[in-house]
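The values are calculated or read from the model by the stated rules, or taken from the named source; none is laboratory data. Since the model is a prediction, treat every value here as computed from it, not as a measurement. Reconstructed Cβ throughout: ideal geometry from the backbone, glycine too, with neighbour counts over all protein chains shown.
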Amino acid sequence: MESSQQPSHSFDEAALSPGARDELTKLGILTTEGAAKAPPARTVLPSGFERRAILVPEVLNDARQYGSSFSRGLRLECGGMTVLLISGTASIDEGGRTVHVGDFAGQCLRTYRNIAALLAAEGATWHDVVRTTCYLRDIARDYEEFNRIRTAFFDWMGLCPLPASVGVQARLCRDELLIEIEAIALVPRANDATTVSSTRPLG
């Protein structure tokens with residue numbers, strides 16, 4: 001049965017610049033007359049490939065609750081491997097609030113805890129992480145402390161080999177945030193939500 005619902009979009013038409021209107025038209029969102037067009041059909045994933053969002057609301061809220069449009073993490077099933085893509089994660093609590101304002105060490109460790117929780121939700125740990133990207137608001141001021149905390153945490157975890165990593169100075173999404181970390185983990189398909197690669201907590 002065909003839907004009688006008219007296509008719509010959430011762009012503020014009154015605020016669109018000529019350039020934005022032109023690009024929305026070329027993206028296929030607007031007709032040349034300015035009316036909304038129906039979105040393209042959703043791609044059908046091939047057999048053996050699945051994807052879904054990762055959520056741990058008891059530790060870290062869904063970013064859509066405060067108006068952001070991204071998943072905290074994405075689980076991809078690709079053949080015999082599970083790939084976990086952890087979005088940029090910071091010192092945010094289950095209510096979407098920044099915690100440990102002004103405390104770099106506190107923010108760094110909360111960030112590690114949030115990532116550990118996202119990994120654990122999918123049966124993974126820090127032992128499965130193969131790459132991190134670490135964004136620091138002030139890399140000259142905070143890198144030494146960051147590296148000291150990271151080294152102590154990874155030593156405690158017994159990570160070997162260590163994840164590949166890059167450090168970047170960046171303006172983060174909130175003025176009070178001092179650090180944000182992305183992570184990629186690879187987990188053999190045999191590891192499911194009831195099997196993890198370490199018995200230690202937090203990872």
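Below is a table of values for the structure above.
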| item | result |
| --- | --- |
| Residue in the stretch 28-40 that is in the same structural domain as residue 163 (by TED's automatic domain parsing), touching a strand residue (DSSP E or B) at 6+ places or on another chain (Cβ under 7 Å) and assigned to a strand (DSSP E or B) present | no |
| Qualifying positions in the stretch 113-167 - acidic (Asp, Glu) and assigned to a helix (DSSP H, G or I) | 128, 142, 144, 145, 155 |
| Looking only at the stretch 71-93, and only at residues there that are modelled with pLDDT of 90 or more and not in a strand (DSSP E or B), the one that is nearest to the chain's Cα centre (by Cα) | 90 |
